[in-house]
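The values are calculated or read from the model by the stated rules, or taken from the named source; none is laboratory data. Note that this is a predicted model, so its numbers are computed, not measured. Virtual Cβ from ideal backbone geometry, glycine too; neighbours counted across all protein chains shown. The area values use the complete protein model at the heavy-atom level, side chains included, leaving out ligands, DNA and RNA. Shrake-Rupley method; radii C 1.70, N 1.55, O 1.52, S 1.80 Å.
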Amino acid sequence: MCGIVGYVGYQDATTLILEGLQRLEYRGYDSAGVALLNGQGIQVRRDVGKLSNLRAKVDSNPLHGHTGIGHTRWATHGAPMERNAHPHVSMSGDFVLVHNGIVENYLELRAELMAEGVRFDSDTDTEVIVQLIEKFAHNGAQGDIVEATRQAVKRLRGAHAIVVMSQVQPDRLIAVRIGNAGGVAIGLGDGENYIASDIPAILDHTRRMIFLESRQMAIVTAQDVTIETLDGQAITATIHDVPYDPISAVKGEYRHFMQKEIYEQSRAVADTLGGRIDFEHMQVMLPDLNLTPEKAQAIQRLVIVACGTSYYSGLIGKFFLEKIARINVEVDYGSEYRYRDPLIDANTAVLAITQSGETVDTLAAMEEAREKGALLWSIVNAVGSQAMRVSDGYITMNAGPEIGVASTKAFTTSIVDQYLLAVYLGQLRGTLSESERRAYVEALPKLPDLIGRALESAPQIEHLADLLHHCQDFLYLGRGINYPVALEGALKLKEISYIHAEGYPAGEMKHGPIALIDENMPVLTITLKDALYEKMISQVEQAKARGGMVIALATEGDNFIATKADQVIYIPETPELLSPIVAVIPLQLLAYAVAVKRGADVDQPRNLAKSVTVE
Ligand code: F6R
C-alpha cells in the first residue's frame, strides 16, 4: 500500500521524487523518506507523518543528486516512527532500499542475520531485505547488486515490490516485483528513467511505461532499461502508452479531492457510457470483454469478487446481472474467496471489481479463479493495472484518477459498468426482448443529469451536517437494490468522520438492531418510490416509535414521507435498477460535510490507504 518512486538521469532527483511522492501520498502517510546518491555515499532523509514533514526536513538540510529513491509508508511491521520509515540502509551503508509488501518469514531471516552479526536499526520486516542483499553482495555476488538482489529475494516469502540502490554501482536502480504487493511501473525518458508504484507519480514526465509482471526484475540506468526474470532470462517487455489527463488529478476549485470527485460524477458516468451505446440499434458494445455469443451462452454462473466499496458495488451488480442477463450471481469478498475452496469451472465467469486494479486480496481471488479455469473479467479504473492485465476481458470505469482515499466516483461508475455488462450479456445470451433491451438502454443517457440534480441537495445536506456532526452512532437502512447503498453510506461516514455507522437491510432491523434506537441515534432510511416503498415506510414508523431521528432519502414529489420523517432529502425519480447511482450521491455529500465539520482529514483518513496491497 506504500508509494514508491525512483529516478536516475540528469535532473535534480530530490525534486522529482518528492513531487512523485506527493501524488502517491494517498497510498500511505505514516512516514516518508528519500535516499540520494551524489558521490558522497548514500544520503537519507526520513520523517514521520505526512510528506510535508519530510519536505521541511529536506528544505533545512538539502539533498542533491541525480539518482535516488523515495517512499511514503503505510505501516505494517513497526510503529510509524522515523527509524521504521523507508528507505532502509544496510549495515555497511552500501545498499539502500524501499519496499511495498510484507516479508512473511522476516522473523526467521532476522534471527539468522543477527546470528551472523548483522545489526538492525528498525523494527520493520523490510530491513531484512536490504541486509540480505548486502550479505549476498559480500558473499558470492562479488558486489554485484543485480546478483545480490536476485539471491536475496529468493529467500523472501510473500508478495513484494522493491527498489534497491547501491553506492557500489551508483549508475543503476534495481526494481523487483514478486506477487501482488502493488505494481511497479518503469517510466521511459530520454537520458533518464523513472520507477513508480503507481503511474500518476511520474506521468508528468513520461507516458511510456513498462509494467513489471510478478517475478521480474528491471535494471534501470539513465540510458537503458533491461527486464529479466528472477532467473536472469532476458525479456522483451511491452511498452505501453498510458492515456491520462494530469489536469484532472489536480484539486482545482475544490477543498478536497473527495469533494471534487463527488461533483465529478455526472461527467464520470457520461465518460463511462461514452462509445459503449449504439444509439441507432439501442444496444451495448463492450469489445474489450473479448466475448462471443457462444462464450456468453456457455456461462452458467458469475462470481463477483471485490473489497470494500467495490464489493458493495458488486452487491448492486448482482441485481442487474440476475434480472437482465438471467445469470446466477454470487458476490464474495476478495479477502475471503480463496479461503473456502470455491467451486469454479470453465462455465464460471469471475468478475473482479477494483478501482486501483492492485488490491492484493482481489488479485489473489483472481489468481484462484484463473488457476481453476474460470473466464476472468475485471472492471477497473486504473488503466494498465495488474487486474486489467491478467483478465481475459475488462471494462474500464473511465472515472479519471480517484485520489481521495474514500471511493466515490469509482462506486457509481463501476455500477454503470455492471449494468452495461448485464445488458451486453443479455444481448449475447438472447435473454432480452427487443423492447426490454431498448428500455434498459434508453434509461442510461439520463443518468448524468439525474446525478447533477441529486448534487443540488448539497446546501440542505450542509444544514443536516450542522445538526448531526456531534452524533456518535448512525444507522443506515435500505432494502432490495438499495440495501448495498445503505452499506456504502455507512462506510463513507465511518471512514472519513470516524463516527460509528452501520448499514442494515431494513427488514432485519426488528431482529436485533432496533434495540439500539433512541433519541441519540439518527436513522437514515432509503425510502424511494419503488416496489418496496410501503415496506420501508413501516421501518420508518418503527424507528420513530422508538424515538429515533429519521432522515429519509426520498423521491421528489413524495409529500407523504415528510409527514413521517424528521428530515427528508429528495432525489429525482430514477428507474429502480439505476436508483443506487443517484441515491448514493446525498450519502456521499453527507459523509463529506460531517467529516469537514468535525475537522477530519477527509482525503487522508487515519489508518487508511488508497490501494490496499497487503493482506
Ligand atoms: C472505501 C474504499 C475501499 C476500497 C477497497 C477496494 O471508500 O475506498 O473500501 O473500495 O479498498 O479498493 P479497489 O476498488 O481499488 O480494489
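Key figures
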| quantity | calculated |
| --- | --- |
| Cα gyration tensor shape of the chain, rounded if a/c is under 1.5, else prolate or oblate by comparing a/b with b/c | prolate |
| Length released on extending from ALA531 to GLU294, taking residue separation times 0.36 nm less the Cα-Cα span | 81.8 nm |
| Projected label distance in nm at GLU147 and SER435, using a 7 Å step from Cα toward the beta-carbon | 7.7 |
| Extension gain, ARG83 back to ILE235 (0.36 nm per residue minus Cα-Cα distance, nm) | 51.0 nm |
| Backbone N within the range 93-119 under 17 Å of label point (7 Å from ASN61 Cα along the Cβ vector) | 93 |
| Accessible carbon and sulfur surface of the range 275-385 relative to its total accessible area, %, 1.4 Å | 50 |
| Candidate aspartates and glutamates for bridging to LYS135, where Cα separation is under 15 Å - those fewer than 8 sequence places away on the same chain excluded | ASP94, GLU112, GLU116, GLU127, ASP144, GLU147 |
| Distant-in-sequence amide H partners of THR67 (H built 1.01 Å from N, under 5 Å) | ALA13, LEU37 |
| Around GLU264: net Lys/Arg minus Asp/Glu count, Cβ-Cβ under 11 Å | 0 |
| Förster-model FRET efficiency, 60 Å R0, LYS323 and TYR10, C-beta, rounded to 0.05 | 0.55 |
| Over 18 Å between alpha carbons, listed pairs LYS494/LYS529; LYS260/LYS409; LYS510/LYS544; LYS544/LYS564; LYS492/LYS597 | LYS494/LYS529 |
| Approximate spin-label separation GLN472-LYS544, in nm, with each point projected 7 Å along Cα-to-Cβ | 2.8 |
| Global geometry of the range 452-597, whether rounded, prolate or oblate, following the gyration tensor of its Cα atoms and the 1.5 cut on a/c | rounded |
| Net length gained if the chain between SER92 and PHE279 were fully extended (0.36 nm per residue, minus Cα distance) | 60.6 nm |
| Shape category assigned to the range 374-433 from the gyration tensor of Cα positions, a/c cut at 1.5 | oblate |
| Surface per residue (accessible, 1.4 Å probe) for the chain, Å² | 36 |
| Using θ = phi - 60° and Karplus 6.51 cos²θ - 1.76 cosθ + 1.60, couplings along the range 328-333 (whole Hz; Gly, Pro as x) | 6, 10, 10, 10, 9, 5 |
| Whole-Hz couplings from phi, Karplus 6.51/-1.76/1.60, listed for the range 497-510; x for Gly and Pro | 10, 6, 8, 5, 9, 10, x, 9, x, 3, x, 8, 4, 5 |
| Cleavage-rule hits, trypsin sites (Lys or Arg not before Pro), the range 286-395, DSSP coil, Cβ neighbours within 10 Å at most 16 | ARG326, ARG340, LYS372 |
| Using alpha-carbon coordinates, inclination of helix 127-138 to the longest axis of the chain, degrees | 30 |
| 5 angstrom amide H check on MET549, placed H, neighbours 5+ away | MET521, VAL523 |
| Between 0 and 90°, nearest 10: helix 145-154 axis offset from the chain longest Cα axis | 50 |
| Long-range HN-HN contacts of VAL568 with modeled amide H, under 5 Å | ALA552 |
| In the range 264-366, the chymotrypsin sites (Phe, Trp or Tyr not before Pro) that fall in loop regions by DSSP, at most 14 other Cβ within 10 Å | PHE279, TYR339 |
| Cα-based helix-to-principal-axis angle, 360-371 vs the chain, degrees rounded to 10 | 90 |
| Accessible surface, 1.4 Å probe, highest first, among residues PHE474, PHE257 | PHE257, PHE474 |
| Relative contact order [Cα under 8 Å, 6+ residues apart], the range 377-508, whole percent | 15 |
| Karplus-derived HN-Hα couplings along the range 221-228 (A = 6.51, B = -1.76, C = 1.60, θ = phi - 60°), whole Hz, x at Gly and Pro | 10, 5, 9, 8, 10, 10, 10, 9 |
| Cut-off 14 Å between beta-carbons: net charge of the residues surrounding TYR106, Lys and Arg +1, Asp and Glu -1 | -3 |
